[in-house]
Amino acid sequence: MPTGCLYGLGLGPGDPELVTLKALRLLRAAPVVAYPAPEDGDSFARQIVAEWLDRGQREIAIRFPMRPGPLPAAVYDAAAAQLAAVMDAGDDIAYLCQGDPLFYGSFAGILTRLAARYTVTVVPGVSSLTACAAAASTPLVQRDEILSVIPASLPEDQLAARLTQVESAAIIKLGRHFAKVRRILARLGMLEGALYVERASLPNQRVFALATVDPASVPYFATALVRCRGRGE
């Protein structure tokens, strides 16, 4: 029996209208749909395409612990094994990915475990970075500028050191790290002009000057956009 194929579908940052035609076509054709989900609760990736599901497809929720720091390899091993069993039975799988599959997504850990044994197709999606830039109506970079993408979870000294070297930066996954990020930006003289974007593309999207944001209100899906040097003007 031929094995099934795995399709990593980038669904964009949350607005269903940003799902690509290719991702939607492959989603509708797949007999099995898998998606990452927290240990308790619903999958955000599934919510993006919910209107196109419930067509008799089998669904598999891959449960990932939502905790700080890298996930244990065993979590990805178990997820890959679960998907491999489906493909060994001959079924194709559409794996739903918020944003882009290979940009800070769980799919990367699955891809590295399955690509050598199965046919894997990755469909890119609108990333959170471009969605945030669009929401803020501001360019990420221009001409020869360099964009740095920095996780807010870095230790304070490392985060500060990296920010002193950048031209333009997107600081992602703000959440509980927001107060630290704002403190560093203020100390480095980068706070003025820094923008804050949360839940880009969703109905409850918010865009503010970063200096005005209450740290207690910042969710995980929030990004700081900082233009440090060379604005391309």
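General remarks:
- Carbon + sulfur, % of accessible area of the stretch 83-233 - ligands and nucleic acids excluded, 1.4 Å: 52
- In the chain, the longest principal axis of the Cα atoms and the axis of helix 178-187 are about 30 degrees apart.
- Potential lengthening between Ala78 and Asp214 on full extension [0.36 nm per residue; Cα-Cα distance subtracted]: 45.1 nm
- For the stretch 1-79: rounded, prolate or oblate by the Cα gyration tensor [a/c cutoff 1.5]: oblate
- Considering only the stretch 4-111, percent of DSSP beta bridges that pair antiparallel, nearest 5: 5
- A simple spin-label model places the labels of Tyr104 and Ala116 2.9 nm from each other, with each point 7 Å out along Cα-to-Cβ.
- The chain - percent relative contact order, Cα under 8 Å, separation 6 or more: 22
- Residue-averaged [θ]222 nm for the chain, counting only DSSP H segments that reach four residues, each worth -39500 (n - 2.57): -8000 deg cm²/dmol
- Dividing the mean sequence gap of close Cα pairs (under 8 Å, 6+ apart) by how many residues the stretch 1-53 holds gives a relative contact order of 33 percent.
- Whether the stretch 50-118 is rounded, prolate or oblate, judged on the alpha carbon gyration tensor where a/c under 1.5 counts as rounded: oblate
- Three-way shape call for the stretch 134-207 based on the alpha-carbon gyration tensor, with the a/c threshold at 1.5: oblate
- Looking at the stretch 107-233, the DSSP beta bridges with both ends there are about 70 percent antiparallel.
- Considering only the chain, percent of DSSP beta bridges that pair antiparallel, nearest 5: 35
- Descending semi-axes in whole angstrom, ellipsoid equivalent of the chain, from the Cα gyration tensor: 35, 18, 16
- Solvent-accessible heavy-atom area per residue, rounded to whole Å², over the chain at 1.4 Å: 50
The values are calculated or read from the model by the stated rules, or taken from the named source; none is laboratory data. Owing to the predicted nature of the structure, the values given are computational and were not obtained by experimental measurement. Here the Cβ is made from the backbone with ideal geometry for all residues, glycine too, and neighbour counts use every protein chain on show. Just the protein is used for accessible areas: all its heavy atoms, side chains included, with ligands, DNA and RNA removed. Shrake-Rupley method; radii C 1.70, N 1.55, O 1.52, S 1.80 Å.
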